[in-house]
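Trainee: My questions all concern the structure below.
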Amino acid sequence: MSPTGPQLNPLLHRLANCPPDFLLGPDEIDVTALACDHFRALGLAIPDPKQRRLLAELPSESLRLVSIVLWLLRDDWFVVRPQLAEATWKFLQSDSLTKLAKLVRAEAIVNDPDRREELVRLCLKGLGLYPEGETPEYAADRLTTLDSVERERVIRQTRKAEARARELREAMARRRAEEAAARYSPE
Amino acid sequence: MPVARADNLLSEWSAQWPAALAVWSRFVQLHEPTWCFAEAEESAAQLSGSFAMIRLVDHSVVISLRQVVELGLQGFAKEILAHEIGHHVYCPADLTDNARMLARMRVGLPTKEHLAPFIANLYSDLLINDRLQRAARLDMSGVYLQLGSECRDQLWTLYMRTYEILWKLDRGQLARGEIDGRLNQDAQLGARLIRNYAKDWLDGAGRFAALCLPYLLADEAARMQKLMAVWSDIRCAGKGAFPDGLTEIDDGELTGAIHPADDAELSGVDASAADGSKGKAQQTGTKTAKNYRQPIDYAEVLKAAGVNADPADVTARYYRERAIPHLIPFPVRRLPRATDPLPEGLDVWDVTTPLEQIDWLGTLLNSPHVIPGVTTRQREFGTSPGADPETIPVDLYLGVDCSGSMGNPAHHLSYPVLAGAIIALSALRVGSRVKVVLSGEPGRTISTDGFERDAATVLKTLTSYLGTGYSFGIHRLSETFHPDARISSRVKPRPVHILIVSDNDMFSMLDSESKKRLGWDVARQSLELAGGGGTFVLELPEQVRGSSWSQNTDGYLGRIAEMGWNVAIVSSMEELIAFARQFSRGRFGGR
């Protein structure tokens, strides 16, 4: 069973107040350096060059998300728990973060309430935690509901249904126009 | 319900009314609800099926305390009352917005438009309940827990799951049916829609309908409709009144009925990133021209809004609303020199003179014994030069072709009928009287009793439809314009302008003979007797004008003009406006 993590709301506030510098692209800020700073803040040695290279080679949209996550995880609750460092490093390079980065822009992560909550919950899940005051089942269910990857998959299917509804509307409109035009035919 | 118990319940609920109002604002003023304790009282208040309802026309709330007890909702007085108040102050709040919401939802429910009132109730309830639960900390979830329901209808499950997501409740606390990935995501989209469009709820209406549509295709959510019937409180909200401004289609009404998944702001997924497609079309910055509903769609929207009116009144109202922005200065006859009446003395009143000309003061001064034709007196008037030019309104004879070729104006917009409505209303506005004659000959005819001043009667007759025969019976003019016929009951008949609305079939009618008179002769004589000029308004579509199809259109038009009639071709809005402007500059001059 996953251990209890921090309260959700303070993290949501922290993310909403993410400084604009953390939203800059990887060609303007050194995300690897940010990660190393995080490790130093935890009182740990920085990852070795090979590990740092793996991080630096992530796609640029992933790196933008990584810098936002590092801002989030600099919250006091995490800083006093250096035992989460290894899980943090794995999470920064995880598939779940990469897939999210492909679908949602960094600005939306910070500005949209649901996207903020999604990222916070994803981070906690990646660290093996769930929000204080919630059950693991509720936390998992809430993340599934907010999951952009899952939503994108459903949306692709829903668009087909919407396209069918649109075809129906257009067919009805064409039929009405034909009925109106039929009035002018010679008797 | 026992009297004592009813009194207790009434005092409890009545005591909560001020608090329920205060939930929205301390400035909200609504009169207390009508409380019903028995079925007979519910019937009298027109409450059927639901335990609560609102009526926008008189800002009323009706609550059945009998059903409240049956459903076990006694402890939710503040929640339910605040909810009903919310329909008056938030959504839909007024008749026009209620109708506009339904119109937008109908666009989002192709083939299921008749369910728009049901979906509108769900949507407005979501908006109101979310505000009450979160901002006012009322227990709206408790009301739904008490109401239902083990219902597993898919739409009900979606609806309840949406509440669970909005209020961060555990899955299954309200929604008991199966929640697969698709339904869960749709509920999430629904929750985002409610939050994002809380202030601009009208813009979200079409999207909500589109979201619900897939869950209605199978069985129209029959079980949920039955379940929600106990709280379908805005089903009759629009009863008793005619909302204005519905002939025009709003900006966003047609483009707003998209599935929330197609709205990047709601889905949170960039369309191009998701599947490489361009996603929904982006709106340009160009302002589009106004769109208008067809009369039949207008009637459907009003019906959905609960307006229970005679279809003929609905059609008349449609054309009135379309005509009003285009009213013109109706030509009047101006006298070269004005005269003012000058009283000159008394003369004997005899019985052949109209009764209203008796001067009673003069009569009684002459003799206290009133003997008609002997002691009765009438005032004689001379004239003196006046200061202002005198104008005489010109009455209007409006003949409308109601044959099959003209089409039913109640179904599709008829530009000639609209032209007739503009001219008729313009005429009434300056004090003219209007006679409307509908004719589809050979066949039937209907008309106003005579020359009318009542706009409603005129429009209702004008927008009727017979569908008989092939053209307006031009020979009908002789019933009104005949040397021996009294055109009006007035002592001094006014000139009459004859306006005939028809199409190219009028040419055959003019050539036809009835009672040994050609249509051309009737038209010529009627124009002379009317004394106010005449106009043919003909609907000639492009494919007919200049066509060699069995008629010499230009020849006929020329012959009509030679008789002294004006001719206007009206088959589009642009031609109609041009005709109206030209008519207003007619030979009777401007204002």
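The values are calculated or read from the model by the stated rules, or taken from the named source; none is laboratory data. The shown structure was predicted, so the numbers you read here are calculated from the model rather than taken from an experiment. We place every Cβ from the backbone using ideal geometry, glycine too, and count neighbours over all the protein chains shown.
Trainee: Is segment A:141-159 home to any residue that is of a type in the set (Asp, Glu), within 11 Å of chain B (Cβ to nearest Cβ), within 23 Å of residue B:183 (Cα to Cα) and buried (at least 21 other Cβ atoms within 10 Å of the Cβ)?
Mentor: yes
Trainee: Follow-up. Could you say whether any residue in segment B:157-165 is within 14 Å of chain A (Cβ to nearest Cβ), of a type in the set (Lys, Arg), surrounded by fewer than 24 Cβ atoms within 10 Å (Cβ to Cβ) and over 30 Å from residue B:11 (Cα atoms)?
Mentor: The answer is no; no qualifying residue exists.
Trainee: Report, by residue number, each residue of segment A:117-138 that is within 11 Å of chain B (Cβ to nearest Cβ) and either assigned to a helix (DSSP H, G or I) or closer than 15 Å to residue A:64 by Cα (or both).
Mentor: A:117, A:118, A:137, A:138
Trainee: Just name the residue that is modelled with the lowest pLDDT out of those in segment B:545-559 that are assigned to a loop (DSSP other than H, G, I, E, B) and of a type in the set (S, T, N, Q). Don't jump to the end; show me each part of the working.
Mentor: As a first pass, look at segment B:545-559 and keep what is assigned to a loop (DSSP other than H, G, I, E, B): B:545-552.
With of a type in the set (S, T, N, Q) added as a condition, the list becomes B:547-548, B:550-552.
Working: B:547: 57, B:548: 54, B:550: 50, B:551: 59, B:552: 76.
So, considering only residues that are assigned to a loop (DSSP other than H, G, I, E, B) and of a type in the set (S, T, N, Q), the one modelled with the lowest pLDDT is B:550.
Trainee: Would segment A:68-91 turn up any residue that is within 14 Å of another protein chain (Cβ to nearest Cβ) and part of a helix (DSSP H, G or I)?
Mentor: Scanning segment A:68-91, I find no residue that is within 14 Å of another protein chain (Cβ to nearest Cβ) and part of a helix (DSSP H, G or I), so the answer is no.
Trainee: Would you call residue B:64 farther than 24 Å from residue B:245 by Cβ, of a type outside the set (Asp, Glu) and free of Cβ contacts under 8 Å to residues at least 12 places away in the same chain? Write out each step before concluding.
Mentor: Values: farther than 24 Å from residue B:245 by Cβ: yes; of a type outside the set (Asp, Glu): yes; free of Cβ contacts under 8 Å to residues at least 12 places away in the same chain: no.
No.
Trainee: Consider segment B:255-296. How many of its residues are modelled with pLDDT of 85 or more, within 30 Å of residue B:311 (Cα to Cα) and more than 9 Å from every other protein chain (Cβ to nearest Cβ)?
Mentor: Residues flagged as modelled with pLDDT of 85 or more, within 30 Å of residue B:311 (Cα to Cα) and more than 9 Å from every other protein chain (Cβ to nearest Cβ) within segment B:255-296 amount to 6.
Trainee: Within segment B:227-242, restricting attention to residues that are more than 11 Å from residue B:118 (Cβ to Cβ) and assigned to a helix (DSSP H, G or I), which residue is farthest from the other protein chains (Cβ to nearest Cβ)?
Mentor: Only one residue fits best here, namely B:230.
Trainee: Which one of the conditions (1) among the basic types (Lys, Arg); (2) touching a helix residue (DSSP H, G or I) at 6+ places or on another chain (Cβ under 9 Å); (3) more than 11 Å from chain A (Cβ to nearest Cβ) does residue B:199 fail to meet, given that it meets all the rest?
Mentor: Of everything listed in (1) among the basic types (Lys, Arg); (2) touching a helix residue (DSSP H, G or I) at 6+ places or on another chain (Cβ under 9 Å); (3) more than 11 Å from chain A (Cβ to nearest Cβ), residue B:199 misses just condition (2).
Trainee: Suppose the filter is over 8 Å from the mean Cα position of the chain (by Cα) and not in a loop (DSSP other than H, G, I, E, B); does residue A:101 pass it?
Mentor: No.
Trainee: I've got another one for you. Checking the structure you have, find out if any residue of segment A:141-162 is among the small types (Gly, Ala, Ser) and at pLDDT below 90.
Mentor: Checking segment A:141-162: at least one residue is among the small types (Gly, Ala, Ser) and at pLDDT below 90.
Trainee: Could you check segment A:40-63 and list, in sequence order, the residues that are small (Gly, Ala, Ser) and either in a loop (DSSP other than H, G, I, E, B) or more than 14 Å from residue A:95 (Cα to Cα) (or both)? Don't jump to the end; show me each part of the working.
Mentor: Restricting attention to segment A:40-63, the residues satisfying the condition of being small (Gly, Ala, Ser) are A:41, A:43, A:45, A:56, A:60, A:62.
Listed by number, the residues that qualify are A:41, A:43, A:45, A:56, A:60.
Trainee: Right, here's the next one. What's the total number of residues in segment A:108-128 that are surrounded by fewer than 22 Cβ atoms within 10 Å (Cβ to Cβ) and touching a Cys at 6+ places or on another chain (Cβ under 9 Å)?
Mentor: Counting residues in segment A:108-128 that are surrounded by fewer than 22 Cβ atoms within 10 Å (Cβ to Cβ) and touching a Cys at 6+ places or on another chain (Cβ under 9 Å) gives 1.
Trainee: Hey, could you check segment B:203-226 for residues that are away from chain A (no Cβ under 14 Å) and surrounded by fewer than 19 Cβ atoms within 10 Å (Cβ to Cβ) and say which is modelled with the highest pLDDT?
Mentor: Filtering first and then ranking leaves B:203.
Trainee: Checking the conditions here, which among A:27, A:37, A:21 is outside any helix (DSSP H, G or I) and either at pLDDT below 95 or outside the structural domain of residue A:132 (by TED's automatic domain parsing) (or both)?
Mentor: Among A:27, A:37, A:21, only A:27 is outside any helix (DSSP H, G or I) and either at pLDDT below 95 or outside the structural domain of residue A:132 (by TED's automatic domain parsing) (or both).
Trainee: Same structure again: Mind listing whichever residues of segment B:194-207 are in a helix (DSSP H, G or I) and within 30 Å of the chain's Cα centre (by Cα)?
Mentor: B:194, B:201, B:202, B:203, B:204, B:205, B:206, B:207
Trainee: For residue B:168, which of the numbered conditions (1) more than 14 Å from every other protein chain (Cβ to nearest Cβ); (2) of a type outside the set (A, V, I, L, M, F, W, C); (3) in contact with a Lys or Arg (Cβ under 9 Å, 6 or more places away or on another chain); (4) not in a helix (DSSP H, G or I) fails to hold?
Mentor: The number of the failed condition is (1).
Trainee: How many residues does segment B:171-196 contain that are within 19 Å of residue A:157 (Cβ to Cβ), touching a Lys or Arg at 6+ places or on another chain (Cβ under 9 Å) and at the interface with chain A (Cβ under 10 Å from one of its Cβ atoms)?
Mentor: So the count comes out to 9.
Trainee: Counting just the residues of segment B:388-409 that are assigned to a loop (DSSP other than H, G, I, E, B) and surrounded by 22 or more Cβ atoms within 10 Å (Cβ to Cβ), which one comes out farthest from the other protein chains (Cβ to nearest Cβ)?
Mentor: Only one residue tops the list, namely B:394.
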